[in-house]
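First up is the structure itself, then whatever we jot down about it.
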Amino acid sequence: MSIVTLLPFIVLIGAMFLMTRSAKKKQQAAQQMRNEMQPGTGVRTIGGMYATVKELHEDTVLLEVAPGVHAIYAKNAIGAVLADEEFNRILDGADPISGEDRPVVPDDVSSLTSADEAADKGAEAGKIDLGKAEADKEAEPAEKAEDAEAKKADESTDEAEAAKDGKKAGGADAK
């Protein structure tokens, strides 16, 4: 075999080696981060929950998710160990956007429409049209027809049963 035919395989093996090498480095960095945790450290789990480390064990960690509320997590579930400043900023709800740069969010939907539109809609507020009124009007004649057919069928069934009973009764009298 020549080197030209083996070249694609060599490139593939090299790429696999580099991918596994970088994955191993990421795993080692994550393991080192988890080993550096200490009680009192702020962490974020892989599910996005923020908590404070209370106790460390071999494979688990006891987290305080709220004052007096503790939960046991696997160490592998810790996604990030946070710096004290960042953890406190997140817990306190401190927002980096402040003052006039902060967008104004309305408290209710009425502020999103003009006053005239709100007044027009206010008159119709008691009614909610889901398109049922027209469908109900169209369905009424069909329902009445079905009811009439059902009554006719019941009447004819009752007549047939009465006729059978009469034949049986008449037959008994004839004997």
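The values are calculated or read from the model by the stated rules, or taken from the named source; none is laboratory data. From a predicted model like this one, the values you see are computed outputs, not experimental measurements. Note that each Cβ is placed from the backbone with ideal geometry, even for glycine, and that neighbours are counted across all protein chains shown. In case anyone asks, the SASA skips ligands and DNA or RNA and just uses the protein heavy atoms, side chains included. Shrake-Rupley method; radii C 1.70, N 1.55, O 1.52, S 1.80 Å.
Of note:
- Any hit, the stretch 1-20, residues being assigned to a helix (DSSP H, G or I), among the small types (Gly, Ala, Ser) and without any contact (Cβ under 8 Å) to a residue 12 or more places away in the chain: yes
- Of residues in the stretch 35-47 being assigned to a loop (DSSP other than H, G, I, E, B) and of a type in the set (Gly, Ala, Ser), the one surrounded by the fewest Cβ atoms within 10 Å (Cβ to Cβ): 47
- Looking only at the stretch 74-94, residues that are assigned to a strand (DSSP E or B) and in contact (Cβ under 8 Å) with a residue 24 or more places away in the chain come to 5 in all.
- Residue check for residue 50: at pLDDT 90 or above, open to solvent by 50 Å² or more (accessible area, probe 1.4 Å), within 16 Å of residue 31 (Cβ to Cβ) and under 25 Å from the mean Cα position of the chain (by Cα): no
- When residue 58 is tested against (1) assigned to a loop (DSSP other than H, G, I, E, B); (2) at pLDDT 90 or above; (3) open to solvent by 90 Å² or more (accessible area, probe 1.4 Å), exactly one condition is not met: (2).
- Scanning the stretch 61-81 for residues that are closer than 16 Å to residue 91 by Cα and either charged (D, E, K, R) or buried (at least 17 other Cβ atoms within 10 Å of the Cβ) (or both) returns 63, 64, 81.
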